[in-house]
């Protein structure tokens with residue numbers, strides 16, 4: 001008698017609402033929830049993802065390794081081991097997004113003029129100074145015109161992508177609560193006007 005009165009799924013009872021919500025949640029979970037989710041252990045010391053466990057104590061090692069790799073790629077491959085480039089410190093740069101127009105940044109902010117002076121040609125100057133870099137990156141085209149070697153610039157671009165992958169990992173892990181893949185990879189940045 002009690003079961004008929006309170007545990008009916010079709011009647012307006014608290015338990016019927018619970019059963020209806022349970023069915024709704026099961027149905028929703030089939031379509032809305034991510035299949036491969038990161039799971040924390042109960043002791044909050046292990047993160048599991050697709051049968052791989054990462055211990056919290058290893059995260060600092062991982063961050064340090066990714067930072068070292070990003071720094072190496074940047075200095076060795078992208079900046080051509082240039083010792084004379086101005087070392088920018090972010091705290092010195094001025095940026096007021098509330099006062100700037102669309103498309104402006106710290107690169108175009110008048111207060112940063114001295115800090116970013118000649119930055120747009122710094123790598124070209126480095127290439128021109130080194131005979132090895134000149135022969136690698138610059139070729140003589142038609143009419144004696146000097147142009148960039150497209151094959152070499154493609155290799156350079158692949159190194160830029162490796163650097164950005166490392167930076168993405170560092171931003172994702174150290175920037176606060178991790179974002180899911182669709183959220184972080186949907187961010188877009190345009191570095192040219194093309």
- Can you find a residue in segment 139-158 that is more than 30 Å from residue 62 (Cα to Cα), at pLDDT below 85 and part of a helix (DSSP H, G or I)? yes
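Residues in segment 68-88: is at least one at pLDDT below 85 and not in a loop (DSSP other than H, G, I, E, B)?
No, the conditions are met nowhere in segment 68-88.
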- Task: Within segment 117-146, track down each residue that is out of contact with any helix residue (DSSP H, G or I) (no Cβ under 7 Å at 6 or more places or on another chain), surrounded by 12 or more Cβ atoms within 10 Å (Cβ to Cβ), closer than 21 Å to residue 86 by Cβ and without any contact (Cβ under 8 Å) to a residue 12 or more places away in the chain.
- Result: 124, 125, 129
- May I ask you to verify whether residue 49 is surrounded by 10 or more Cβ atoms within 10 Å (Cβ to Cβ) and modelled with pLDDT under 75? yes
- Query: With respect to residue 149, is the statement that it is over 29 Å from residue 66 (Cβ atoms) and surrounded by 11 or more Cβ atoms within 10 Å (Cβ to Cβ) true?
  - Reply: yes
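The values are calculated or read from the model by the stated rules, or taken from the named source; none is laboratory data. Fair warning: this is a prediction, and the values are worked out from it, not measured in the lab. All Cβ positions, glycine included, derive from the backbone under ideal geometry; neighbour counts span all protein chains shown.
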